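Visitor: Structure in structure tokens, see below.
The values are calculated or read from the model by the stated rules, or taken from the named source; none is laboratory data. This is a predicted model, so every value here is computed, not measured. Here the Cβ positions follow ideal geometry from the backbone for every residue, glycine too, while neighbour counts run over all protein chains shown. Each accessible area value is taken on the protein alone, full model and side chains, heavy atoms only, with ligands, DNA and RNA left out. Shrake-Rupley method; radii C 1.70, N 1.55, O 1.52, S 1.80 Å.
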Amino acid sequence: MKIAFIGGGNMATALIAGMGKEGGDTQVHVVDPNPEALERLAAQYGASTSGSIDAAVADADAIVLAVKPQQMRDVAGALAPHLGSGPLVLSIAAGIRGADLSRWLGDYGAIVRAMPNTPALIGMGVTGLVALAGVSDAQRTLADGVLRAVGQTVWLDDEALIDPVTAVSGSGPAYVFYFLEAMEAAAVEMGLSAEQGKQLALATFAGATQLAAQSDESLEVLRQRVTSKGGTTHAAISSMEAAGVKAAIGNAMKAAAARGRELGDEFGKN
């Protein structure tokens, strides 16, 4: 199996490292204009490298587009002449719609869009994926294998759902960090040290997440079981409800999804 990465940044590195941990006979080629990034990937993972799209890319079974959305049109234009063998094109760029990428690649159809998130860097990611009509079953399996190397995968039937996935899990780690920041700051205000506040908050999030993952009960029931009427947790939840925290979180996620659609409109213009 030969996989080419256009872009050698953090997410590409995470995918390459994840595939390496799973073993198998996968040859990796990376294209990036940054010589230092190429040297690092060659030294750590044995990847072949180049500073521009070349014949090694054309020979790949899958090409992962791991570049910034604003770079995608130019990258696709350079890649289009090298798609003769019909490889899978796997895009992990936010906002770039499949139809636009297909057009830039000369009406190419074997495209999968994916939205991973940053916990992929430690093998704990989750990725939403959607396949265009030109993707074969074997290519779908290949795309799933690449992203499963860094966590879980969720397949979608409608590309429009990529924007909600971006809002929930793509941007989601930032929401968690934001909440943790608030918990740490409040802990300090109440007399704990920053280190103690961070340790308590991190352990609480990790434990609660694992409890929810291992339980058959709904999130609502799990919350209610911690929230005794008239107790300390009830006071905290009541305060959040009065402040409209749940609605604010929902509105924030809707804003993220809307921005994803806007990016698609912006970058997809002719």
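Visitor: Just to be sure I understand, how many residues within the range 189-198 are within 20 Å of residue 245 (Cβ to Cβ) and open to solvent by 40 Å² or more (accessible area, probe 1.4 Å)?
Guide: Within the range 189-198, residues that are within 20 Å of residue 245 (Cβ to Cβ) and open to solvent by 40 Å² or more (accessible area, probe 1.4 Å) number 2.
Visitor: Related question: For the range 258-270, which residues satisfy the criterion of being closer than 18 Å to residue 98 by Cβ and open to solvent by 60 Å² or more (accessible area, probe 1.4 Å)?
Guide: Result: 261, 262, 265, 266, 269, 270.
Visitor: Being in contact with a Pro (Cβ under 6 Å, 6 or more places away or on another chain) and either in a loop (DSSP other than H, G, I, E, B) or of a type outside the set (Lys, Arg) (or both) narrows it down to one of 86, 134, 106, 95, so name that one.
Guide: Checking each option against the conditions leaves just 95.
Visitor: Please indicate, with yes or no, whether at least one residue in the range 19-35 is open to solvent by less than 50 Å² (accessible area, probe 1.4 Å), closer than 23 Å to residue 150 by Cβ and touching a residue at least 40 places away in the same chain (Cβ under 8 Å).
Guide: Start the filter on the range 19-35 by keeping residues that are open to solvent by less than 50 Å² (accessible area, probe 1.4 Å), which leaves 19, 23, 28-32.
The next check asks that each one be closer than 23 Å to residue 150 by Cβ; those that pass are 19, 23, 28-32.
Now drop any that are not touching a residue at least 40 places away in the same chain (Cβ under 8 Å), which leaves 19.
Yes, the range 19-35 has at least one match.
Visitor: Give me the pairs, please: first residue somewhere in the range 54-72 and over 21 Å from residue 116 (Cα atoms), second residue anywhere and open to solvent by 40 Å² or more (accessible area, probe 1.4 Å) and of a type in the set (D, E, K, R), beta-carbon distance under 9 Å, and either six or more positions apart or on two chains.
Guide: 56/2; 59/2; 60/2
Visitor: If you don't mind, there's one more thing I want to ask. How many residues are of a type in the set (A, V, I, L, M, F, W, C), part of a helix (DSSP H, G or I) and within 21 Å of residue 24 (Cα to Cα) when one looks only at the range 39-81?
Guide: 5
Visitor: Between a residue in the range 188-199 that is without any contact (Cβ under 8 Å) to a residue 60 or more places away in the chain and any residue that is small (Gly, Ala, Ser) and part of a helix (DSSP H, G or I), which pairs come within a Cβ distance under 6 Å, given they are 6 or more apart or on different chains?
Guide: That search, which allows pairs on different chains as well, returns 188/194; 188/197; 197/187.
Visitor: Separate question: Within the range 70-92, which residues are surrounded by 16 or more Cβ atoms within 10 Å (Cβ to Cβ) and closer than 25 Å to residue 150 by Cβ?
Guide: 72, 75, 76, 79, 87, 88, 89, 90, 91, 92
Visitor: Another question, then. What number of residues within the range 123-138 are in contact (Cβ under 8 Å) with a residue 60 or more places away in the chain and open to solvent by 30 Å² or more (accessible area, probe 1.4 Å)?
Guide: Of the residues in that region, 1 qualify.
Visitor: Just to verify a result, which residue in the range 145-163, among those that are open to solvent by less than 50 Å² (accessible area, probe 1.4 Å) and part of a helix (DSSP H, G or I), is farthest from residue 258 (Cα to Cα)?
Guide: First, pick out the residues of the range 145-163 that are open to solvent by less than 50 Å² (accessible area, probe 1.4 Å): 145-147, 149-151, 153, 156, 162-163.
Right, trim to part of a helix (DSSP H, G or I) and you get 145-147, 162-163.
Numbers: 145: 29, 146: 28, 147: 25, 162: 11, 163: 7 Å.
Applying the filter and picking the extreme gives 145.
Visitor: Mind listing just one residue for me: the one in the range 199-257 that is within 28 Å of the chain's Cα centre (by Cα) and of a type in the set (D, E, K, R) and, of those, surrounded by the fewest Cβ atoms within 10 Å (Cβ to Cβ)?
Guide: Residue satisfying both the conditions and the ranking: 216.
Visitor: Also, I was wondering about something else. Residue 97 versus (1) over 23 Å from residue 20 (Cβ atoms); (2) over 16 Å from the mean Cα position of the chain (by Cα); (3) open to solvent by 30 Å² or more (accessible area, probe 1.4 Å); (4) modelled with pLDDT of 95 or more: which is the lone unmet condition?
Guide: Unmet for residue 97, out of (1) over 23 Å from residue 20 (Cβ atoms); (2) over 16 Å from the mean Cα position of the chain (by Cα); (3) open to solvent by 30 Å² or more (accessible area, probe 1.4 Å); (4) modelled with pLDDT of 95 or more: (2).
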